[in-house]
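A.B. asks: Mind looking over this structure? Questions follow.
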Amino acid sequence: MLKYLKYIFLIFTLSTAQERDSVKIYFKDEVSPKVADVVQIDSLQYISCDELAEVLNGLYSYNSILKKGNIWLGNTRFQFTANSEFFTFFDTTKNSFTFAHTPFAIIFIDSLLFIEIETAVQQISKSTTIKIQLNPFIQIIAEKKSPPKEVEDKKKLDVAKKRLSEMQKLEAEKLKWMLDVIVIDPGHGGHDPGSIGVNGTLEKDVALGISAKLGRLIKQKLPEVEVLYTRTSDKFVELYKRGKFANEAKGKLFISIHCNSHEQKPSSPKGFEIYLLRPGKIAAAIRVAEKENEVVQLEENFSSRYQRITEDNFILLTLAQSGHLKQSEKFAEILEKEMSKKLETDSRGVKQAGFYVLVGASMPNVLVETGYLSNTGEEEVLSSQDGQQTIAKSIFEAIRLYKVMHENTMRGEI
Ligand SMILES: [Zn+2]
């Protein structure tokens with residue numbers, strides 16, 4: 001893709017004759033220009049970012065929650081945010097970022113992002129291998145162009161175009177598999193405290209603490225990944241809304257963070273366990289899921305919204321994520337290994353049960369019970385900043401490994 005794009009030379013020509021202006025883009029060796037609409041705001045011309053991606057033969061992705069757009073040009077990701085004057089260029093081969101600032105912010109109209117044309121031309125020319133020129137003399141450029149007479153040339157061009165479109169499809173497939181958005185779900189919140197420890201530690205606080213630390217680590221060490229949280233404060237969020245949010249944000253991994261508790265307090269059971277969404281078969285695992293699912297009773301109309309997850313209706317209820325089970329399993333396996341390595345507590349293994357919070361998330365997902373609040377020693381670890389940081393680090397390391405493995409596998413398979 002990059003090799004091909006290197007030799008593309010574009011000329012933008014502005015025509016201001018009509019009400020809604022158009023931009024013509026001439027590719028080197030091509031006769032007919034591609035045309036994109038522009039809008040005029042304060043005597044500046046803006047092009048919609050998805051159209052810009054299209055005319056540059058790039059790929060476009062848009063995150064409606066963050067209002068962020070990405071244009072993928074070969075190995076470069078050009079990222080911009082609604083109402084922001086800052087842009088980033090991420091080079092996926094070097095894993096490096098460049099930041100840019102311009103006086104014209106990205107404009108947001110009807111779910112579309114628009115970029116000022118001169119800004120786009122300057123930034124893309126400066127930070128990618130594509131060279132673009134803005135040419136105000138539309139007529140002259142248009143007249144100078146002459147159609148290729150050789151049939152052979154036309155054939156070559158058709159072959160090249162076909163190849164480019166195939167490559168674009170391939171890139172689009174890869175893009176779908178890139179682990180670029182992670183949704184962290186701190187369990188409970190607001191009037192739902194979750195489990196309560198021997199000394200009064202609340203599960204909702206521990207979950208939020210670990211989640212924030214985990215998110216910070218991802219942002220620091222994997223800056224190309226977006227981190228989103230289902231809650232960032234002590235508020236109640238219905239279980240079904242958590243998965244819905246993750247889907248709308250086009251999350252590629254969903255991690256729900258919780259703490260366990262034994263009925264007897266204090267008591268000796270301790271350790272972490274990782275849950276996959278499957279019909280529960282072991283009584284203890286079913287009990288954990290029932291306890292976590294209990295919270296739906298605090299929601300209005302809960303009985304019409306949630307159905308009991310059984311072996312019989314499991315496939316139907318979890319249809320949206322049937323394609324992600326293998327990845328969820330792989331992530332759970334890596335996570336179990338990393339937590340075992342880094343935490344000074346027992347691994348209770350990877351288990352399965354029917355958690356409502358995982359049902360709605362159409363992406364690889366796991367629920368982590370990070371430890372037992374009913375065990376005095378473990379409660380101390382879970383409530384401490386250091387303890388939470390260690391847990392966050394172990395989850396982060398699993399994400400890092402999973403990301404490399406997942407993206408490499410997908411690259412190989414596609
Ligand atoms: Zn919980």
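The values are calculated or read from the model by the stated rules, or taken from the named source; none is laboratory data. Here the structure is a predicted model, which is why all the values come from computation and not from measurement. For neighbour counting, all protein chains shown are included, and Cβ atoms are generated from backbone atoms with ideal geometry for every residue, glycine included.
A.B. asks: Please go through region 248-257 and pick out each residue that is outside any loop (DSSP other than H, G, I, E, B) and out of contact with any helix residue (DSSP H, G or I) (no Cβ under 6 Å at 6 or more places or on another chain). Even if it seems obvious, please write down each step before you answer.
C.D. replies: If we filter region 248-257 for residues that are outside any loop (DSSP other than H, G, I, E, B), which is where we start, we get 248, 253-257.
The answer is Glu248, Leu253, Ile255.
A.B. asks: Is one or more of the residues making up region 346-359 at pLDDT below 95 and small (Gly, Ala, Ser)?
C.D. replies: yes
A.B. asks: Shifting gears a bit: Got a sec? Which of Asn63, Asn83, Asn70 is under 17 Å from Ile117 (Cα atoms) and either crowded, with 17+ Cβ neighbours inside 10 Å or among the acidic types (Asp, Glu) (or both)? Full working, then the answer.
C.D. replies: Numbers: Asn63 fails: under 17 Å from Ile117 (Cα atoms); Asn83 fails: either crowded, with 17+ Cβ neighbours inside 10 Å or among the acidic types (Asp, Glu) (or both).
Going through Asn63, Asn83, Asn70 in turn, just one is under 17 Å from Ile117 (Cα atoms) and either crowded, with 17+ Cβ neighbours inside 10 Å or among the acidic types (Asp, Glu) (or both): Asn70.
A.B. asks: Kindly indicate whether Ile286 is in contact (Cβ under 8 Å) with a residue 60 or more places away in the chain, outside any loop (DSSP other than H, G, I, E, B), within 16 Å of the ligand (Cβ to nearest atom) and in the same structural domain as Pro193 (by TED's automatic domain parsing).
C.D. replies: Values: in contact (Cβ under 8 Å) with a residue 60 or more places away in the chain: yes; outside any loop (DSSP other than H, G, I, E, B): yes; within 16 Å of the ligand (Cβ to nearest atom): yes; in the same structural domain as Pro193 (by TED's automatic domain parsing): yes.
Judged against the criteria, Ile286 is a match.
A.B. asks: Let me ask another. Answer yes if at least one residue in region 324-337 is within 16 Å of the ligand (Cβ to nearest atom) and closer than 28 Å to Glu263 by Cβ, and no otherwise.
C.D. replies: The first filter runs over region 324-337 and keeps only residues within 16 Å of the ligand (Cβ to nearest atom), leaving none.
Looking through region 324-337, none of the residues is within 16 Å of the ligand (Cβ to nearest atom) and closer than 28 Å to Glu263 by Cβ.
A.B. asks: Pairs please, first residue from region 195-207 and under 14 Å from Lys270 (Cβ atoms) and in the same structural domain as Leu239 (by TED's automatic domain parsing), second anywhere and of a type in the set (Asp, Glu) and near the ligand (Cβ under 8 Å from one of its atoms), Cβ atoms under 7 Å, 6+ apart in sequence or on different chains.
C.D. replies: Ser195/Glu203
A.B. asks: For region 385-414: of the residues being modelled with pLDDT under 90 and outside any loop (DSSP other than H, G, I, E, B), which is surrounded by the most Cβ atoms within 10 Å (Cβ to Cβ)? Even if it seems obvious, please write down each step before you answer.
C.D. replies: Kept after step one, since they are modelled with pLDDT under 90, are these residues of region 385-414: 406-414.
Now restrict to residues that are outside any loop (DSSP other than H, G, I, E, B): 406-413.
Working: His406: 21, Glu407: 16, Asn408: 10, Thr409: 13, Met410: 16, Arg411: 11, Gly412: 7, Glu413: 9.
Among those residues, the one meeting the criterion is His406.
A.B. asks: With more than 27 Å from the chain's Cα centre (by Cα), buried (at least 20 other Cβ atoms within 10 Å of the Cβ), within 15 Å of the ligand (Cβ to nearest atom) and aromatic (Phe, Trp, Tyr) as the only criterion, which of Tyr372, Tyr275 stands out? Before the answer, list the steps.
C.D. replies: Details: Tyr275 fails: more than 27 Å from the chain's Cα centre (by Cα).
Going through Tyr372, Tyr275 in turn, just one is more than 27 Å from the chain's Cα centre (by Cα), buried (at least 20 other Cβ atoms within 10 Å of the Cβ), within 15 Å of the ligand (Cβ to nearest atom) and aromatic (Phe, Trp, Tyr): Tyr372.
A.B. asks: Would you mind finding the one in Lys281, Lys265 that is within 16 Å of the ligand (Cβ to nearest atom) and not in a helix (DSSP H, G or I)?
C.D. replies: Lys265
A.B. asks: Scan region 162-216 residue by residue and report those that are within 21 Å of the chain's Cα centre (by Cα), away from the ligand (no atom under 16 Å from the Cβ) and in a loop (DSSP other than H, G, I, E, B).
C.D. replies: Met178, Leu179, Asp180
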